[in-house]
1. Could we say that A:Pro359 is within 14 Å of chain B (Cβ to nearest Cβ), within 24 Å of A:Ser463 (Cα to Cα), not in a helix (DSSP H, G or I) and not β-branched (Val, Ile, Thr) here?
2. Just checking, does segment A:287-310 include any residue being over 16 Å from the mean Cα position of the chain (by Cα) and without any contact (Cβ under 8 Å) to a residue 12 or more places away in the chain?
3. Using the structure shown, decide if B:Asn100 is within 23 Å of A:Ile50 (Cβ to Cβ), surrounded by fewer than 22 Cβ atoms within 10 Å (Cβ to Cβ) and in contact (Cβ under 8 Å) with a residue 24 or more places away in the chain.
4. For segment A:134-186, how many residues are touching a residue at least 60 places away in the same chain (Cβ under 8 Å) and part of a loop (DSSP other than H, G, I, E, B)?
5. For segment A:406-416, how many residues are over 17 Å from A:Gln323 (Cα atoms) and assigned to a loop (DSSP other than H, G, I, E, B)?
6. Among (1) in contact (Cβ under 8 Å) with a residue 12 or more places away in the chain; (2) part of a helix (DSSP H, G or I), which single condition is B:Pro280 missing?
7. Among the residues of segment A:18-45, which ones are away from chain B (no Cβ under 14 Å), part of a strand (DSSP E or B) and touching a residue at least 60 places away in the same chain (Cβ under 8 Å)?
8. How about segment B:125-149: which of its residues are of a type in the set (Ser, Thr, Tyr) and either in contact with a His (Cβ under 9 Å, 6 or more places away or on another chain) or not assigned by TED's automatic domain parsing to the domain that holds B:Met79 (or both)?
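The values are calculated or read from the model by the stated rules, or taken from the named source; none is laboratory data. Quantities reported herein were computed from a predicted structural model and do not represent experimental measurements. Virtual Cβ from ideal backbone geometry, glycine too; neighbours counted across all protein chains shown.
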Amino acid sequence: MNILGISCYYHDAAACLISNGKLVAAAQEERFSRIKNSLDFPINAINYCIQAGEITFSDIDCVVFYEKPFLKFSRVVISHLKAYPFSFKNFLETMPNWLKDRLITPLVLKKEIGYKGRVLFIKHHLSHAASSFLVSPFEKAAILTADGVGEWATMTYGVGQGNQITILKEICYPDSLGLLYTAVTTYLGFRPLRGEGKVMGLAGCGKSRYVDKFRKIVQVRPDGSFRLDQRYFGFNKGLRMYSVKFIRLFGRARSPEGKIEERHCDIAASLQQFIEEILVGIVRQLYNKTKNDNLCLAGGLFLNCVANHRILKETPFKNIFVQPAAGDSGGALGAALYVYNTILKNSRNYVMHHAYFGPDFSTAQIKMALLKHGLSFREINNQLLFKYIARELSQDKIIGWFQGRMEFGPRALGNRSILANPCNPDIKELLNSKVKKRESFRPYAPAVLEEKAQEFFELQHLSPFMLLAAKVRADKKNLIPGVIHVDGSARVQSVNKDANSKFWYLIKEFENITGVPILVNTSFNLKGEPIVCTPEDAIKCFQRSEMDYLVLENCVVEKK
Amino acid sequence: MDIIGQENINQMNTQKICQRCVLPENKPDVWLNERKICNICIEYEKTKSAQGDNKVLETDFIKMLNQYKGKAKYDCLVMCSGGKDSTSALYYMKRRYKLNPLAFTFDHGFETEDAMENVRNAVETLGVDFLFFKTDFMKDMFSEILKTNSKAVICHPCSIWYMGLTFDMAARFNIPIIIAGWTKGQSTKQPTMSKCGCNIHQKEFYAMAKSTREFLDSYTKKHSKYKNFSKSMEEVLIRAKKKNKCIVLSPHWFLPFDTMAYVEIIKKELKWKPPRLSYPKKTTNCYLNFISVYNSMKHYGYTHYHVEASKLIREGLLSREEALKSLEINFDKELLNKIAKKLDYRFD
């Protein structure tokens with residue numbers, strides 16, 4: 001049975017294909033359209049999924065959409081009415097999109113892919129819950145989902161057992177931790193739905209001296225739930241997500257080009273701490289209700305690796321699972337699996353051990369792309385490749401590393417990665433100046449051999465999807481200065497030999513040379529662009545940056 | 001073995017060849033700059049950077065198919081030569097898109113036994129209706145081209161004729177779509193050929209197309225048998241438009257699969273066999289193709305296969321090395337004369 005899952009029209013559009021309960025292909029539309037966080041109908045991703053799944057369009061048994069459009073539409077209309085007349089302009093801008101495609105998904109499917117069969121709609125947060133629990137290794141687990149907003153819900157918790165998911169409680173719009181985070185992100189001068197990670201990075205640089213002010217605008221109840229004081233926000237009222245009252249409380253907002261001051265770092269730190277406190281409170285309540293050791297997290301908020309690690313550290317849960325595409329792109333996966341496992345009552349037969357579900361390319365295709373761009377290259381066997389690249393990395397060279405299938409989700413996990421030497425204290429500046437052009441406060445993440453993760457980081461659990469941030473052990477800090485954030489933490493990826501053997505062997509070779517089983521791993525893209533998908537994208541990225549080497553499978557290109 | 005094209009290869013080796021594609025200099029249409037890159041490649045780069053990547057998707061193809069699916073007895077007419085590209089096109093139409101195709105093959109008297117066997121196997125395995133048309137109609141014209149040492153490329157009037165014939169067949173059965181197995185290198189403009197014209201208007205074809213046109217203009221006037229013969233592909237399309245508004249598509253323009261992938265499928269599913277004798281290597285063509293290649297090399301220094309391969313190289317779908325290898329002349333005089341005998345001609 002072939003189920004096509006789709007998420008789109010808000011941000012991070014994606015498609016995935018489930019064949020007999022197993023995930024065979026999944027990718028975000030942005031990787032093909034080259035429009036970051038693309039919200040468009042994922043036509044490219046769908047084409048890819050069908051072709052990668054070696055099925056035809058007529059073999060699709062069911063298409064599942066990751067939310068209920070009419071329910072969401074009711075929230076949009078009601079919230080705009082409530083905010084009238086301030087919301088009128090927003091309303092006029094939003095409505096055509098709803099009428100054009102968002103409310104007529106079956107017609108869009110018929111038009112775009114010729115599909116006339118059954119279309120199902122699963123609630124947004126249920127899709128999130130399913131995207132985590134149904135691919136987790138747990139038979140039974142507590143589930144917590146949180147993001148900006150789905151239809152009405154902004155946070156849900158419940159329990160999963162076998163192939164069933166029960167939602168116990170929902171917190172609804174406009175009370176949303178995700179929207180709070182995004183509102184402060186825009187207040188701090190970053191782009192909504194893109195800059196949240198930057199705020200998380202900025203938080204590490206500040207002191208949480210504004211937490212009381214956040215307590216003033218968000219009322220937290222004894223059961224862990226919360227309420228946003230709407231006088232401080234303006235979610236539907238105009239161009240800003242925060243109100244004048246918010247500015248009066250926190251001071252002038254930072255303009256996107258403005259200087260980052262200490263105050264901005266402190267606000268970010270306070271927001272981060274405040275969100276973590278609320279989440280820890282809710283998770284403790286959830287444990288009391290479920291008394292289960294396993295926790296599944298999903299929704300954009302749980303791309304926040306600092307919060308995830310704090311939840312793991314400070315709550316009674318012993319095991320945690322966060323799916324790599326925890327944001328809306330993963331909704332496509334959850335919706336499809338929910339239909340297969342829960343609605344159709346098929347037992348679960350799949351655990352997500354890795355995130356490599358995107359396109360891959362043959363050596364012939366890679367060579368062709370290199371020749372087309374007039375690049376000379378060397379083809380090296382695996383053993384020599386690992387030795388050679390590890391040696392170059394140890395000499396502070398920056399490597400574009402393109403291998404196998406592209407990752408599903410926002411993190412580059414060793415198949416579309418830029419790699420560097422973590423032992424070099426100046427590597428962040430080098431990467432920023434030569435390639436990434438990032439803000440200086442943002443740290444780079446370490447990819448560590450799974451077996452050595454605890455030796456270097458205060459990490460009790462594996463973090464294969466780079467979704468846990470842990471403190472670097474005191475005695476190792478001087479070994480890996482390139483990946484330590486100012487607060488002493490690092491966003492760790494633990495690399496498993498079976499899940500990604502080429503990446504594992506490369507890190508191992510690096511360890512043989514330097515004694516450090518870690519590499520700097522950052523996404524293979526330039527500022528403002530999606531992660532590369534094809535060899536062509538990788539070559540263009542390589543040519544436009546100052547990377548020293550490009551490794552496409554076993555073909556090595558050296559920058560002249 | 002007396003490799004008949006060796007002198008032409010030698011000629012090509014001494015000729016200036018584009019360092020990016022495989023086209024030799026052939027002024028005024030094809031010329032190389034100081035970096036030995038041809039004007040076609042330079043023009044391609046300019047157009048490409050101006051237009052950006054214009055990716056087409058399988059769903060674009062499906063959308064077009066769905067416009068016509070189920071509206072006539074046959075959903076499409078598949079031009080099937082028995083080669084890998086057209087056989088796989090027939091396979092895709094039947095199995096991947098679940099259409100009801102009518103397979104159409106013609107034989108002008110020079111088709112190979114291998115190709116015909118592949119067609120037979122494919123239509124039998126797929127269980128599709130099959131229309132086979134055999135005629136000597138073109139024989140006199142082919143013979144004239146050889147005997148007069150015309151620069152007209154034999155394949156051009158043949159393409160004009162069989163395309164016209166295909167449109168006629170589509171009109172007769174009221175079929176809305178013609179499916180060809182053309183690769184991305186065999187047409188300049190996509191996705192539908194009937195809307196856009198065909199690739200003989202490319203600069204690389206100017207000289208060849210001009211000679212063919214001149215030959216057809218004078219020859220068809222003299223011979224009443226060919227009085228209604230179209231003088232160009234453009235004319236075929238104009239005539240076809242009047243008869244039946246059908247479109248011409250190739251699945252290979254829309255599918256990302258490489259040749260190896262679909263060759264494996266048709267080998268396994270349709271008992272397809274690669275030809276024993278072919279030029280370029282690993283392609284299936286009629287016997288006249290060898291004569292056409294010989295003449296093209298003699299008159300122009302390159303063939304339409306060089307044009308196709310060059311386009312594939314520019315698109316990043318074929319390496320230059322592979323192209324040069326597949327374009328090496330590998331047939332002998334004996335074979336040419338055996339074929340030419342049917343046309344009362346002998347190569348000295």
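1. Working: within 14 Å of chain B (Cβ to nearest Cβ): yes; within 24 Å of A:Ser463 (Cα to Cα): yes; not in a helix (DSSP H, G or I): yes; not β-branched (Val, Ile, Thr): yes.
Yes: the conditions hold for A:Pro359.
2. Of segment A:287-310, the ones over 16 Å from the mean Cα position of the chain (by Cα) are A:287-295, A:310.
Right, trim to without any contact (Cβ under 8 Å) to a residue 12 or more places away in the chain and you get A:288, A:291.
Yes, there is a match, as at least one residue in segment A:287-310 is over 16 Å from the mean Cα position of the chain (by Cα) and without any contact (Cβ under 8 Å) to a residue 12 or more places away in the chain.
3. yes
4. Residues meeting the conditions: 15.
5. Residues meeting the conditions: 1.
6. (2)
7. A:Ile18, A:Lys22, A:Leu23, A:Val24, A:Ala26, A:Gln28
8. Selection gives B:Thr135 alone.
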